[in-house]
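A.B. asks: Pasting a structure here, questions to come.
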Amino acid sequence: MQVEIRRMNNDFHQIQNYQKINEYQFINSMFFGTKKKETTPIESTSDKDLALVTKMNQEFAMSLDLKETLNNSLELIIKRINAQAANIFLIDDKNQMFQCIASKHQAYLEDFEIPITQGVMGKAALMKKCIRVGDVRKDVREIAEFYFDLDNKTNFTTYSVLCAPLIVSDECIGVIHCLNKKTNTKLFEESDRKLLETLSGPAALAIRNAKMAKDLVDKNRMQKEIEIVGEIQKTLLSQNKKENFPIAGINIPAKVVSGDFYNFAELSQGVYGFGVADVSGKGIKSSLLMSKASSLYRCLSKTNFSAAELLNILNEEICETTSRGMFVTMLIGIYDSNKKELTLANAGHEPPLIYSKDKNFSNFEEAGPPLGIAPKFKFKETKINFSNSSMYIFTDGITEIKNAKGEMLEAEGFKNYIKTYQEVPNHERLNKIIEDIIKSGRVQKDDLTIVVVDSQ
């Protein structure tokens, strides 16, 4: 972020140097173009303008707060031009409207939007030049351009208008709008127009810089918030136990947040419950759905519901509240080490791999639809004998991870890693498998999740 801010300031100072030449030329021609010998009052006015320009440039170069920049702009401009009121309107490109985002003595205008084709502001933006309307009620050349509707709505009487476009890189981002000179005539003069035209340049650049800085700050703040979400997600995952516990898991997010989830716990003596889920899509939206599904599972899994009943309840809730097109694949199981029995219920998840001590693999293929697709669907559960074996539950990020040639690991490649580390304790085994997969040069584009259940 600091690099970007330095770049913006460098950009500003480059334009500033060019701007000063024009400023000095304008001021000299405006105040020194006469041959009169009485130069003291003129020199005084010239010095005043030079000081104003210098002050604006200094303050704008230092300010990266948009609101502060806008208020400083108006404060300096309204005092020098001696206007009754002044406003800054920025263009909302999406709605094609002028939006008043800063005002001196017309704060109510911040509630108004004006079409960018209307009034003196619209003409100034279109022509990209500063416009002076000497008397909006008598100057027939410009009267058609004045937006009288605004006066009618605000009970403000406009006599004279100065309007300068805010131009950055030949693009108009808004206008500075000054109303009524505080003199007996209430009319702006040509010298006021030239001065506002000169001052609008550094003001426009400062506003652009402040907006860019704000965007960077907002982006950084959002990143911090995403990191917090990622940390919260980690707390929802079960922590591996180093003692002789039959279940272990690992999750490596592709980004800061994850759309995968797993949880396991001992439900009673020698009876263990577990669940593994994968939310469709990536990013914040998927992570929020994951958090919802995982929270529901953690709560319901502590009850006496069966694996199939848990899926039924989760499916109904997700169908009712999830955005269209979003779904969750999930496998829920109960391992009874006393009976050497597994109870499994699958909602569209990858079939788990079962690796026996005789070094053979088998699959559990039975599955219903993913959660969030088919309301009222009744899931089934299956009981299988489970002894002298390990069951690996994983998300598609494992099997679909690709090498430099674009070749996916697939189930056969995953099996080779299982064979290599089968004799290692379960929590260390998963770490080594993931490390080897990543070290092999494969590019991770999806979350990587594995849960292993070892028979006891």
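Coordinate-derived values only; no laboratory data. Note that the structure is predicted; figures quoted are calculated from it, not measured. Positions of Cβ are backbone-derived with ideal geometry, glycine not excepted, and every protein chain shown enters the neighbour counts.
A.B. asks: Using 1/(1 + (r/R0)^6) with R0 = 30 angstrom and r between the beta carbons of residue 411 and residue 295, what's the FRET efficiency to the nearest 0.05?
C.D. replies: Efficiency computed from Cβ-Cβ geometry: 0.45.
A.B. asks: Separate question: Could you tell me whether the stretch 237-454 comes out rounded, prolate or oblate from its Cα gyration tensor? Rule is a ≥ b ≥ c as square roots of the eigenvalues, rounded for a/c under 1.5, then prolate if a/b exceeds b/c, otherwise oblate.
C.D. replies: It comes out oblate by the Cα gyration axes.
A.B. asks: A further question follows. Counting other Cβ atoms within 10 Å, which trypsin sites (Lys or Arg not before Pro) in the stretch 274-315 have at most 11 and lie in a DSSP loop?
C.D. replies: Of the trypsin sites (Lys or Arg not before Pro), the ones in loops of the stretch 274-315 whose Cβ has at most 11 other Cβ atoms within 10 Å are 302.
A.B. asks: Further, regarding this structure: Taking the stretch 63-112, which trypsin sites (Lys or Arg not before Pro) meet the DSSP loop condition and have no more than 12 other C-beta atoms within 10 Å?
C.D. replies: For trypsin sites (Lys or Arg not before Pro) across the stretch 63-112 that sit outside H, G, I, E and B with at most 12 neighbouring Cβ atoms in 10 Å, the list reads 94.
A.B. asks: Based on alpha-carbon centroids, what's the gap between the stretch 270-297 and the stretch 351-410 in Å, whole number please?
C.D. replies: 16 Å
A.B. asks: Go through 104/181; 67/214; 104/153; 211/285; 415/439; 79/104 and tell me which ones have a Cα-Cα distance over 20 Å in this structure.
C.D. replies: Violating the 20 Å limit, Cα to Cα: 211/285.
A.B. asks: At most 12 other Cβ atoms within 10 Å and a DSSP loop assignment: could you name the GluC sites (Glu not before Pro) in the stretch 173-279 that fit?
C.D. replies: 243
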